Structures are given as structure tokens and as C-alpha cells.
Amino acid sequence: MTSPLVRIGDLELNQDLDLQRKTWTVQRIGWGGMALIVVAALAGVFGSGPLTHTEVMDNSQTFRLLYDRFGRYEGELVLQLVLSPETTTSNRVTVEIDRTYWTSHAVEHITPEPLISSIGIDGFLYTFKTDAPSTPSVIVFRLRPKSIGAIDGRIRVNNAGPLRFHQFMFP
């Protein structure tokens, strides 16, 4: 469909102002979408930034989990479990990670190495020897995500908790 010729001074132009306004609207929506993507990238949604790293603490404040909210499929992912002195009153600490979360990841490495690994009713159990009773300890899990999308996890330490956390894995 051709638009009628409009005479402006010495010029004869084809113009369709309704179509032009619709085009401008679509362009502005596109600009807004691109701006949101840039802001999200700067904030850390697609890599490192202020929104990437977070931590959660259990209600009794005896242990906390440091992790990344966002990760990549098959990329390295680190969970750092920090145990307070109250948690390590004996020479051993038992960590339970729920089955759904754990089976959506490949375990690359656990530091320190667990003394005992077993499968429980709700998840996987790891028993660690602590350096000394009543001293803070850190357990690091290096994982490789095997799924894409939102992943919810739960961790219990010495039957306390559960501590819930949420992550999103990009392709």
C-alpha cells in the first residue's frame, strides 16, 4: 500500500505518519530493552558484579553459606560454608545437602575432604573432621551445574537448619 504524495514546499513526499509513530514506539521499546540488559550486566546478572555474590545465615547464626546467585551451565560454581565455633564443638561436623540440588550438579572438589560420604533420606551426607573443637571452619564445594534455570537448594549442618538458597543457571 502506497501512501499519498504530500507536497511540502517544492518537495513531494510519501509519508504515513501513523506508521512512523508506530515505528518510533517500537524503537523506543527496543532501546529500553537494550538499556535493561546493559544495566543487568553491569549489576552482575550475567557475570561478576554487586548482585552476583550473596550469603545466607541460619536462624541460630551458627553457620552461613556464601554463593553466587547466577552461574553458567557447565561453568565452575563455588559454595562456601562458614561454620562458627558453636557448630564445631566436637571434632566432627555433618553437612546434609538436599538430593534435588546435589543431583543437578557435578561435584568437582570438596575441601577439606570429607571423612564419610553417604546418602540419606533427603539428601547427601558428608562428615568432616574439624581442625580443633570450638574454632571456626570453612568447607568449600566446587561444583559444575548440569542444568539450566532456577535451582533451589537446602543445607543442614549437624541437623540444624535447613538453610535455603536460590540460584539461576544461564546456558
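The values are calculated or read from the model by the stated rules, or taken from the named source; none is laboratory data. The structure displayed is predicted, hence computed values, not measured ones. Cβ: placed from backbone, ideal geometry, glycine included. Neighbour counts: every protein chain shown.
The table below lists the values:
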{"read-out": "Checklist (1) outside any strand (DSSP E or B); (2) loosely packed, with under 14 Cβ neighbours inside 10 Å; (3) in contact with a strand residue (DSSP E or B) (Cβ under 8 Å, 6 or more places away or on another chain) applied to residue 109, failing item", "value": "(1)"}
{"read-out": "Within the stretch 120-158, considering residues that are more than 22 Å from residue 69 (Cβ to Cβ) and modelled with pLDDT of 90 or more, the one surrounded by the most Cβ atoms within 10 Å (Cβ to Cβ)", "value": "128"}
{"read-out": "Breaking point among (1) in contact with a Pro (Cβ under 8 Å, 6 or more places away or on another chain); (2) modelled with pLDDT under 90; (3) surrounded by 15 or more Cβ atoms within 10 Å (Cβ to Cβ), for residue 89", "value": "(3)"}
{"read-out": "The stretch 60-78, residues that are over 14 Å from residue 104 (Cβ atoms), touching a residue at least 24 places away in the same chain (Cβ under 8 Å), more than 10 Å from the chain's Cα centre (by Cα) and in a loop (DSSP other than H, G, I, E, B)", "value": "60, 62, 76"}
{"read-out": "Residue, farthest from the chain's Cα centre (by Cα), within the stretch 87-112, restricted to residues that are among the charged types (D, E, K, R) and under 25 Å from residue 149 (Cβ atoms)", "value": "96"}
{"read-out": "Test: residue in the stretch 63-71 that is surrounded by fewer than 14 Cβ atoms within 10 Å (Cβ to Cβ) and not assigned by TED's automatic domain parsing to the domain that holds residue 39", "value": "no"}
{"read-out": "Counted residues, the stretch 72-86 - those being among the aliphatic types (A, V, I, L, M), surrounded by 18 or more Cβ atoms within 10 Å (Cβ to Cβ) and over 16 Å from residue 143 (Cβ atoms)", "value": "1"}
{"read-out": "Selection count where residues are assigned to a loop (DSSP other than H, G, I, E, B) and modelled with pLDDT of 80 or more, scope the stretch 28-58", "value": "1"}
